[in-house]
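Please read the structure below before turning to the comments.
The values are calculated or read from the model by the stated rules, or taken from the named source; none is laboratory data. Just so it is clear, the model here is predicted, and its values are computed rather than measured. Using ideal geometry, Cβ is built from the backbone for each residue, glycine included, and neighbour counts are taken over all protein chains shown. With ligands, DNA and RNA removed, areas are computed over all heavy atoms of the protein, side chains included. Shrake-Rupley method; radii C 1.70, N 1.55, O 1.52, S 1.80 Å.
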Amino acid sequence: HDALPICQPCCGGCGKDAAMKSVKTFVSAVLGGACIGFGGTAFLSLDSKVLGALFFTVGLFVICTFGLNLFTGKVCYVFQKDRAYAWNIPLIWLGNLVGTGVVAAMMQMTRNASIADKAAALCQVKLEDSLLSLFILGVLCNIFIYIGVEGFNHNPHELGKYLSLFFGVMVFILCGFEHCIADMFYFSMAGAWSSSAVVRLFVITMGNAVGGIIFPEARKLLI
């Protein structure tokens, strides 16, 4: 009989590699959240809603260009990837929360802190809205996020890549759809966190997840 291989004691390298990957995923998510915070700052700083929507897109543009982690983009592909990818989704959400919070805290210490008033007005609308409305608006939002991200990744035309991204983001903002990561920034900027805000953010997050999953899954029927 062939000799059986002798198992070597584990050096712990696998665990260290997994931990390092998680750290990198989280840091990338923090940076992704910060980029949405930058976009949110631009949106709140402009009186024109159209221009605000246009310059908000800088957040997703940087995220896609540099390959950073954003919950609303990553969740769209959760059924197309492996289990490790799915396990990272909550970690990315938390990293995005930290990133948006850091940018909001920094802005509150500057002369531009007055944008908190606009953020508060946005948050008040969300806090007075019904949970069903927020869920539906979250679903619709992430359909456009998927359109933007998928177009950026796979449109064969260079101009088309950027048009997909910019129009995808601008449309969801102008329509008043709900983006959970942007809402993290608005709640932090306005200092409007409460139990009601947390519940609403969770509902919007679920809506974003459903919208981001259902559209690409439905597309499979056409391929």
*Among what's in the stretch 151-199 and is buried (at least 19 other Cβ atoms within 10 Å of the Cβ) and of a type in the set (D, E, K, R), pick the residue that is nearest to Ile63 (Cα to Cα).*
Asp183
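Out of all the residues in the stretch 205-222, is one or more in contact with a Lys or Arg (Cβ under 8 Å, 6 or more places away or on another chain) and either surrounded by 14 or more Cβ atoms within 10 Å (Cβ to Cβ) or over 11 Å from Thr72 (Cβ atoms) (or both)? Reasoning before the result, please.
Within the stretch 205-222, the subset in contact with a Lys or Arg (Cβ under 8 Å, 6 or more places away or on another chain) is none.
No: zero hits.
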*Cβ-Cβ under 8 Å pairs, at least 6 apart or on other chains, the stretch 196-222 side of a type in the set (Val, Ile, Thr), far side buried (at least 21 other Cβ atoms within 10 Å of the Cβ) and not in a helix (DSSP H, G or I)*: Ile204/Glu178; Ile204/His179
_Matching residues in the stretch 172-193 - criterion: being under 15 Å from the mean Cα position of the chain (by Cα) and closer than 16 Å to Ile145 by Cβ_ = Phe172, Ile173, Phe177, Glu178, His179, Cys180, Ile181, Ala182, Asp183, Met184, Phe185
_Verdict on Thr65 being open to solvent by less than 60 Å² (accessible area, probe 1.4 Å), of a type in the set (S, T, N, Q) and part of a helix (DSSP H, G or I)_ = no
*asked:* Based on this model, can you work out whether Phe135 counts as without any contact (Cβ under 8 Å) to a residue 40 or more places away in the chain and open to solvent by 50 Å² or more (accessible area, probe 1.4 Å)?
replied: no
*Identify all residues within the stretch 22-37 that are touching a Leu at 6+ places or on another chain (Cβ under 8 Å) and either open to solvent by 30 Å² or more (accessible area, probe 1.4 Å) or charged (D, E, K, R) (or both); write none if there are none.*
Ser22, Phe26, Leu31
